[in-house]
Amino acid sequence: MRYSTQIKPISDIKANAAGILDEIAETRNPVIITQNGRAKAVLMDVKSYEETQETLALLQLLALGQQDVAAGRTRPFREVLAEMKQKLNEAE
């Protein structure tokens, strides 16, 4: 997808909001909104926004995990599994 075809001035958004929202919902392509010739905002459908937020959250978790590995804050899986089994047995 080329973002250059998805650039609209705010005046177009004001005049054709319903049609533009329908287009975004159908194509799931974001629209870049300009004001005074400069990009100011991005308009996207809710599902795409939610997927983007979920992806960002996963990437943040991966980055945190990489930081833990680099800092040596790791434990062998078998050790963690044994600890969890022991806690489950104690809870019963």
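Of all aspartates and glutamates in the structure, not one lies under 16 Å Cα to Cα from residue 85 without also being fewer than 8 positions from it along the same chain. Note on residue 47: lysines with a C-alpha under 30 Å away, same-chain residues under 8 apart excluded, are 8, 14.
Within the P(r) computed for the chain, what percentage of the Cα pairs occupies the region above 15 Å? Percent of Cα pairs beyond 15 Å in the chain: 73.
If each Cα of segment 16-59 is one equal point scatterer, what is log10 of I(q)/I(0) from the Debye formula at q = 0.21, 0.34 Å⁻¹? Listed by q, the Debye log ratios stand at -0.75, -1.09.
For the chain, what is the percent of antiparallel DSSP beta bridges, rounded to the nearest 5?
Details: 5 of 8 bridges.
Around 60 percent of the beta bridges assigned by DSSP in the chain are antiparallel ones.
Taking Cα centre as origin and charging only the Cβ of basic (Lys, Arg, +1) and acidic (Asp, Glu, -1) residues, the dipole magnitude of the chain rounds to 420 debye. Work through the residues other than residue 75 whose Cβ is under 13 Å from its Cβ and net out their charges, Lys, Arg +1 and Asp, Glu -1. Spelling it out: positives minus negatives among the neighbours equals -1. The portion of the accessible surface of segment 6-67 made up by carbon and sulfur, rounded to a whole percent, is 57 (1.4 Å probe; DNA, RNA and ligands excluded). Summary of packing: across the peptides 52-62, 29-39, the per-residue average of other C-beta atoms within 10 Å ranks them, highest first, as 29-39, 52-62. Here the contact order of the chain, divided by its residue count and restricted to Cα pairs under 8 Å and six or more residues apart, works out to 19 percent. Accessible surface area normalised per residue over the chain is 84 Å², counting heavy atoms of protein chains with a 1.4 Å rolling probe. With the charge dipole of the chain set up from +1 on Lys and Arg Cβ and -1 on Asp and Glu Cβ about the Cα centre, the Cα lying farthest toward the positive end among the listed residues 56, 9, 19 is that of 9.
The values are calculated or read from the model by the stated rules, or taken from the named source; none is laboratory data. Values in this document were obtained by computation on a predicted structure and should not be read as measured data. Here Cβ is always computed from backbone atoms with ideal geometry, including for glycine, and neighbour counts include all displayed protein chains. Remember, those area values only see protein heavy atoms, side chains included, never the ligands or the DNA or RNA. Shrake-Rupley method; radii C 1.70, N 1.55, O 1.52, S 1.80 Å.
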